[in-house]
Amino acid sequence: TGKQQVSLDAGIRIFGAFSRRKDQKGFSIRAKERHGSANIDYPFFETRPYTSYKSITLRAGAQDCTQSKIRDIVITDLVRETTTLDVAAYKQSVVYINGQYWGIYNIREKINKYMIAQHNNIENPENIDLLVANSRVLVGDNSDYKALENYIENNDVTDPEVYAEIGRRMDIQNFIDWNIVEAWSNNADLGNIKYWRERSPEGKWRWIAYDFDWAFFHSNPSTLNGLARITNEKGMGANRGISTMILRRLLQNSTFKELFLERYAYHLKNTFATDRVLAKMEELSSNIEDEI
């Protein structure tokens, strides 16, 4: 509309990992009481009912910043309604810093304990275990997840009682959906895996779909088998650094394997139906076509 919608003093820092090497940096913006506001009060995202956020990010696309700039938001928006995976909402935008044009960015929810608590109606964000990569702690601790890994690795997963116990500790369908999204999109950056649980007797481990800037990215036919990536015995992600043990072990269970195949068929027919994917690509690319 050309009118100012929100203005506040806030903390800002460069955001990202290897993408910080790019000329077009990502940024994290966080409201802080010492700057005058504990929240950013504005309804940024049409797909969310929220009118207040603790923090947001401005993502330039990371490794996709000089390519399509829409890979990540295409995939996360496709899975938003057909899975229980947490995803960060987006708003395509243009950023100026001190009056200088910095180009096309996506305003995103910041994936942290506040977003998880907000999405899942958890009253206390501190009552969350949030892990990244090989169980590195972002919030809380990893003892429960380590115990889950140990249980899966050292028990007979084909035993119905063992499988039922695993289902009490982790959301099995949610885990399957995460793996399918990663495999279907052929995401080559599988080191970026985040998972969480609420610290309660009913809390189950669930996964977050994010960072698909290296999805649909590699044209070499030898790298196009996404299912081989997520079941590689040597590991997945950069330097094969992320364990694939849980998926490989669970695929030994016929009930899990059947559910995995059924979910893959469902997503191919619905979530990733060709017309639906092409329409989403067209929508998001046309939004920024004039700016490009």
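Only one of 169, 206, 199 is closer than 30 Å to residue 281 by Cβ, open to solvent by 40 Å² or more (accessible area, probe 1.4 Å) and in contact (Cβ under 8 Å) with a residue 12 or more places away in the chain; which? Full working, then the answer.
Numbers: 169 fails: closer than 30 Å to residue 281 by Cβ; 199 fails: closer than 30 Å to residue 281 by Cβ.
The unique qualifying residue is 206.
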*Which one of the conditions (1) surrounded by fewer than 19 Cβ atoms within 10 Å (Cβ to Cβ); (2) outside any helix (DSSP H, G or I) does residue 189 fail to meet, given that it meets all the rest?*
(1)
*Any chance region 207-222 includes a residue that's under 19 Å from residue 132 (Cβ atoms) and in contact with a Phe, Trp or Tyr (Cβ under 6 Å, 6 or more places away or on another chain)?*
yes
_Give all pairs with beta carbons closer than 8 Å in which a residue from region 93-109 that is on the phi > 0 side of the Ramachandran plot meets a residue that is in a strand (DSSP E or B) and open to solvent by less than 20 Å² (accessible area, probe 1.4 Å); count only pairs at least 6 apart in sequence or on separate chains._
103/95
*Starting from region 147-158, keep only residues that are farther than 16 Å from residue 197 by Cβ, then list their pairs with residues that are open to solvent by 70 Å² or more (accessible area, probe 1.4 Å) whose Cβ atoms are within a distance under 7 Å, requiring at least 6 positions of separation or different chains.*
157/252; 158/252
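Rundown of residues vs (1) farther than 21 Å from residue 259 by Cα; (2) open to solvent by 50 Å² or more (accessible area, probe 1.4 Å); (3) of a type outside the set (A, V, I, L, M); (4) at pLDDT 95 or above, yes/no style:
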| site | (1), (2), (3), (4) |
| --- | --- |
| 138 | yes, yes, no, yes |
| 142 | yes, no, yes, yes |
| 153 | no, yes, yes, yes |
| 165 | no, no, yes, yes |
| 178 | no, no, yes, yes |
| 181 | no, no, no, yes |
*Within the set of pairs 6 or more residues apart or between chains, which connect a residue that is more than 13 Å from residue 178 (Cα to Cα) inside region 250-267 to a residue that is modelled with pLDDT under 95 with Cβ atoms less than 8 Å apart?*
251/231
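Can you tell me which residue is most open to solvent (accessible area, probe 1.4 Å) among those in region 269-292 that are hydrophobic (A, V, I, L, M, F, W, C) and in a loop (DSSP other than H, G, I, E, B)? Write out each step before concluding.
Taking region 269-292 and keeping what is hydrophobic (A, V, I, L, M, F, W, C), we get 272-273, 277-279, 281, 284, 288, 292.
Add one more test, that the residue is in a loop (DSSP other than H, G, I, E, B), and what stays is 272-273, 292.
Values: 272: 12, 273: 26, 292: 138 Å².
Among residues in region 269-292 that are hydrophobic (A, V, I, L, M, F, W, C) and in a loop (DSSP other than H, G, I, E, B), the one most open to solvent (accessible area, probe 1.4 Å) is 292.
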*Within region 215-229, identify whether any single residue is open to solvent by 40 Å² or more (accessible area, probe 1.4 Å), out of contact with any strand residue (DSSP E or B) (no Cβ under 6 Å at 6 or more places or on another chain), over 20 Å from residue 259 (Cβ atoms) and β-branched (Val, Ile, Thr), and answer yes or no.*
yes
*In region 90-125, what count of residues is obtained for those that are surrounded by 18 or more Cβ atoms within 10 Å (Cβ to Cβ) and over 20 Å from residue 40 (Cβ atoms)?*
1
_Within region 150-178, tally of residues that are touching a helix residue (DSSP H, G or I) at 6+ places or on another chain (Cβ under 9 Å), part of a helix (DSSP H, G or I) and of a type in the set (S, T, N, Q)_ = 1
*Taking region 127-149 on its own, how many of its residues are of a type in the set (Asp, Glu) and in a loop (DSSP other than H, G, I, E, B)?*
1
_Unmet requirement for residue 261, which otherwise passes all of (1) part of a loop (DSSP other than H, G, I, E, B); (2) open to solvent by 80 Å² or more (accessible area, probe 1.4 Å); (3) over 29 Å from residue 91 (Cα atoms)_ = (1)
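The values are calculated or read from the model by the stated rules, or taken from the named source; none is laboratory data. In this text, all values refer to a predicted model and were calculated from it rather than measured experimentally. Quick reminder, even Gly has a Cβ in these numbers, built from the backbone with ideal geometry, and neighbours come from all protein chains shown. The area values use the complete protein model at the heavy-atom level, side chains included, leaving out ligands, DNA and RNA. Shrake-Rupley method; radii C 1.70, N 1.55, O 1.52, S 1.80 Å.
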